[in-house]
Structures are given as structure tokens and as C-alpha cells.
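The block underneath contains the structure these notes are about, expressed in C-alpha cells.
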Amino acid sequence: MYRILLAAAASLLVVMGLSAQSPAQTTAPTPSKTPTAEATATAEVSATFESLTQDDLTILTGNVQRPNGITFFDGNLYTACTGDSTIYEIDSVNGLTQTYIWGIVNAHTMYVENESNMLNIWVPDYGTNSLTLVTRLGVTEIADDLQGPWGIAYVNEEQFLITNLLSNTINLVARDGENTVVMQGMSSPTGIAHDDETVYVANYGSSRRAIEWYPLDSLVTATTPLAASEGHELVAGLQNVTGIQLAADGNLYFAYSLANRGVVGRVDPAVCMATDGGCSNADVEIVVFTELSAPLAGMTISPDMRLFIHTMFSPDMYWAQISG
């Protein structure tokens with residue numbers, strides 16, 4: 001069964017343009033850099049944290065056939081099932097699962113908000129190359145000219161940043177559908193997150209450029225596409241980075257691969273940005289080393305620091321308390 005799952009995973013990745021045998025995934029990790037004094041101090045402080053393993057994970061639910069991406073909002077998890085094109089709402093404590101709405105083909109991430117007592121779910125639908133708005137009233141296509149949309153990050157009340165894996169771009173998409181390419185030359189970009197000043201982007205297609213950072217203002221105000229070379233390395237030497245998220249503890253968490261296993265790691269982005277050339281894979285603190293086959297298709301962290309993850313082709317979702 002394990003070999004069958006691996007074969008199936010490889011087949012889907014090929015279809016999605018993420019061949020498991022592509023040179024980007026077999027690139028040797030970047031050699032470790034000499035850490036700065038600040039990075040060394042951080043490592044000493046975090047040495048008290050013991051990495052979690054599969055045994056530390058608890059199954060929350062197994063009621064969604066083929067979940068592909070999860071996000072946390074107001075006590076619930078939301079995930080899109082590629083098996084039946086349905087979004088499900090899952091209670092993050094007891095795992096109670098209910099159908100929310102049908103109409104999303106393939107979503108790796110989503111952004112959920114409450115507006116005027118109505119839940120809005122903004123979904124980059126990889127299967128339809130569109131940004132879609134989901135409410136209880138139905139599914140509305142907002143922008144239909146994306147190319148393999150994967151990650152989404154809320155910018156302001158009017159705009160989102162969306163990564164396009166197939167065109168190697170980052171797009172600024174407005175709620176009215178206006179769509180502008182603001183960054184080009186990425187390497188199969190997947191997850192995206194930002195704070196008030198900095199945007200962090202995962203590149204699935206390059207271990208050397210695993211996670212890069214860019215000034216938020218430069219992307220939001222760009223009138224012509226910027227070149228990815230204008231960015232900076234945050235973390236190098238990681239393979240197959242998918243989801244990334246800034247958590248309540250100030251760290252940047254990300255899912256990636258070690259051999260065939262799914263791993264979640266973290267760094268302090270301020271430390272990596274202050275280090276010449278960014279952090280290397282040796283500077284990454286492993287949060288959980290799973291026995292789940294990579295890639296980890298979904299990863300999200302609640303405000304009270306509960307980590308939720310799942311892998312491709314498996315209905316089981318796991319969680320663990322990582323701090324607090």
C-alpha cells in the first residue's frame with residue numbers, strides 16, 4: 001500500500017507540473033552558513049524544544065476523502081476535497097465534519113473572513129485557474145485568468161497576493177477581479193505569507209531559493225512586474241516547500257520534504273533576514289518529523305498554537321500542540 005501511495009503521489013505531482021523526479025527536487029541542499037551571534041543565541045534558547053514525531057500527533061478526523069489544503073478560522077478548519085469538489089467545515093476540537101458547499105475543484109490554500117456576519121472564503125482554485133469567492137449563497141468566480149493559483153495572502157480590504165505555480169508569478173488581485181502581475185521569475189511558487197512590511201514566498205521548484213522575502217510595499221505598488229532577482233533569500237536548502245504561515249509566536253512555519261517524509265520546520269524570520277545570505281537548512285528548527293509521505297498538502301496553525309497537518313491522498317488530519 002505504501003508503494004501504491006507513493007506512485008499515486010508522483011503521478012499527481014507530474015500532472016500538476018511538480019514532477020517528483022525534477023532536477024529542482026534533487027538539488028543538493030545549500031551548504032550551511034556560519035551563523036551570526038544572534039542566530040546562535042536563538043538556537044541556544046530554542047534548544048529546549050524537542051522536535052515532535054508521528055507518535056506525538058493525534059488524528060482529528062478522517063472524514064474528508066481527499067483533502068488538499070486546510071486553514072483555521074474561528075475554531076473551525078476549512079478544507080477543499082479534490083475527490084468531490086466540496087469545501088468542508090471541521091470542528092478543530094472534536095473533528096465534527098460537515099459539508100459547507102460544493103463547487104471548488106482543487107484548492108491548496110484559502111483565506112477565510114467574517115464580513116457583516118457572513119463567512120467569506122476566498123479560494124485560489126488550481127483546477128479552474130481562478131480566484132473564487134465562496135459564501136453560503138454560492139460560488140462566484142472573481143478572476144479567471146490565473147495560471148495554477150496556489151497560495152493566497154490578504155493584503156488589505158481590497159486586494160490579495162496570489163502565487164501562480166505554472167507561470168512563476170505573484171499576482172495582485174482585487175476583490176472586483178482586477179488582476180496584475182507584480183512579480184515574475186519565481187520557481188514554482190506555492191505558499192505565501194506576510195507581516196506589515198515583508199512578504200515571504202515558498203518556491204517548490206528550487207531548494208536554493210526555498211523561501212524568499214520581498215518588501216510588501218514594492219509588490220503592492222508595482223506598476224510593472226518586478227524581477228524575482230530583486231528579492232532576498234530567507235531560507236535555502238529545503239526541498240519541496242509548500243505551505244508557510246507566520247504564527248502567533250512570531251516564527252515562520254513551513255512544510256517541506258526530508259527524503260520522502262513530510263516535515264514542518266520553523267525559523268525566526270528576523271534572524272534570517274539579519275544573516276548575510278539568509279538562513280540555511282542547518283538553521284531550521286524541526287517542529288515535527290512525520291511518517292507521512294511528502295508533500296504535506298495542508299498545514300495551518302491556530303492562534304493558540306495548535307498545528308494541523310495532512311498529506312496528499314489521505315483523509316486523516318493530525319494535530320499537535322506546539323507551544324503555550
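The values are calculated or read from the model by the stated rules, or taken from the named source; none is laboratory data. A quick note: this is a predicted structure, and the numbers were derived from the prediction, not measured. Glycine also receives a Cβ, built like all others from the backbone with ideal geometry; neighbour counts cover every protein chain displayed.
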Quiz prompt | T128 being part of a loop (DSSP other than H, G, I, E, B), more than 16 Å from the chain's Cα centre (by Cα), modelled with pLDDT of 95 or more and over 24 Å from G231 (Cα atoms) | solution = yes
Quiz prompt | Qualifying residues in the range 224-275 (those that are surrounded by fewer than 22 Cβ atoms within 10 Å (Cβ to Cβ) and assigned to a helix (DSSP H, G or I)) - the one modelled with the lowest pLDDT | solution = E230
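May I ask you to say which residue of G237, G185, G191, G205 is in contact with a His (Cβ under 9 Å, 6 or more places away or on another chain) and touching a residue at least 40 places away in the same chain (Cβ under 8 Å)?
Going through G237, G185, G191, G205 in turn, just one is in contact with a His (Cβ under 9 Å, 6 or more places away or on another chain) and touching a residue at least 40 places away in the same chain (Cβ under 8 Å): G191.
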Quiz item: Which residue out of M299, M312 is in a loop (DSSP other than H, G, I, E, B) and in contact (Cβ under 8 Å) with a residue 60 or more places away in the chain?
Solution: M312
Quiz prompt | Of residues in the range 186-223 being acidic (D, E) and either outside any helix (DSSP H, G or I) or in contact with a Lys or Arg (Cβ under 7 Å, 6 or more places away or on another chain) (or both), the one surrounded by the most Cβ atoms within 10 Å (Cβ to Cβ) | solution = E212
Quiz prompt | From P315, P303, residue being surrounded by fewer than 17 Cβ atoms within 10 Å (Cβ to Cβ) and modelled with pLDDT of 95 or more | solution = P303
Quiz prompt | Scan of the range 162-185 for residues that are assigned to a loop (DSSP other than H, G, I, E, B) and more than 20 Å from Y111 (Cβ to Cβ), ordered by number | solution = L166, S167, N168, G185
